[in-house]
Amino acid sequence: MERNDAVMPGVAIFVAAVMWILLLFLFNKETAPEPVVVDPAVVQSISQDYPTIGKEIYAAGAGGAPGCQGCHGAEGQGGVGPALAGNEKLLKDPVYVHTILVNGKGGMPAYGASLDDKQLYAVANYVLNSWGNKLDEPLTPAQVAEGQSKIDPAALKNRSRFVPEDLKLPEIWLATFIMVLLTYGLIGLYSHWAEGSELRPGIHKVRSTPLATLGMVLSIASTLLFSFLFVRQMNIDYAGWAAREQVMPNVTAEGFYAAMIILSLAASLALYKKYFMDGEVLVEDASGEFPW
């Protein structure tokens, strides 16, 4: 008896792939950093501005924005906010200082709407060249623009989550529909693989082959391996969170290991059903298009 559901699983997976591309486009558009405009006048004044204007803004604020020393200390020694004095991390990624000033982070307010470009670069360079910090050259808009060729910190933060905070209804709908289509398509393809392109009613005896046995051993070993890696990664990330200087968890690795555990288990079950378990095929209901 020829199956009447031969095409639908492939169509479902194809549509899911198209929707996945649309979802990535929407998500990347949401998290893309704003382009930086390089103003020559700002570049020329940076070296002269940061020792004076930058110091004033750090101490007292400007444009309605509070000063920085209330949280970071008058000498950058830290307090409510982290210490800035002698902070090698700031010197390794000076563009990040500008990004945090513009966008804010955690309890730190965003200064992008309160300070103009001249003021932002002045206070950023004041922090980067005070209390033991010293850049070879002042931070300029050109360096910030070049830094945006990499992943913006805010975008990286969102992409490292399973469920980003800023997902909107279109993204949620697309993601849900993709999962439904993939589930239908994969189950349909598995049904074809396990039962064949023609349904033959009756009980079917199966006998395992050496290749199938090897596949079963490898899939079980893979499950154990990725389970170990997942538990190890979780312990590493938990230790990072509990450390005095917190380390962001590697969510990508956690998700990869978890997905591989599920896929390995699915492979084991599929191999067992195909090569180790006797099956029974009933007459297919010709009135429906679904294989289950």
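The values are calculated or read from the model by the stated rules, or taken from the named source; none is laboratory data. In this text, all values refer to a predicted model and were calculated from it rather than measured experimentally. Here Cβ is always computed from backbone atoms with ideal geometry, including for glycine, and neighbour counts include all displayed protein chains. Calculation scope for accessible area: heavy atoms of the full protein, side chains included, ligands and nucleic acids excluded. Shrake-Rupley method; radii C 1.70, N 1.55, O 1.52, S 1.80 Å.
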Subject >> Summed residue charge, Cβ within 12 Å of Ser130's Cβ, Lys/Arg positive, Asp/Glu negative >> reply: +1
Original post:
Which whole-angstrom value gives the distance between the alpha carbon centres of region 73-89 and region 244-276?
Top reply: 41
Original post:
Label Val80 and Ile21 with points 7 Å out from Cα along Cα→Cβ: what is the distance between them in nm?
Top reply: 4.9
**OP:** Can you send over the solvent-accessible area of Asp116, 1.4 Å probe, protein chains only, in Å² to the nearest 10?
**Re:** 80
**OP:** Read phi for every residue in region 45-52 and hand back ³J(HN,Hα) as whole Hz from Karplus 6.51 cos²θ - 1.76 cosθ + 1.60, θ = phi - 60°, with x for Gly and Pro.
**Re:** 8, 4, 4, 7, 7, 5, x, 10
**OP:** Please list Met260, Met216 in order of solvent-accessible area, largest first, computed with a 1.4 Å probe with all protein chains present.
**Re:** Met260, Met216
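Between Leu91 and Ser47, what's the calculated FRET efficiency when r is the beta-carbon distance and R0 is 30 Å? Round to 0.05.
Efficiency computed from Cβ-Cβ geometry: 0.95.
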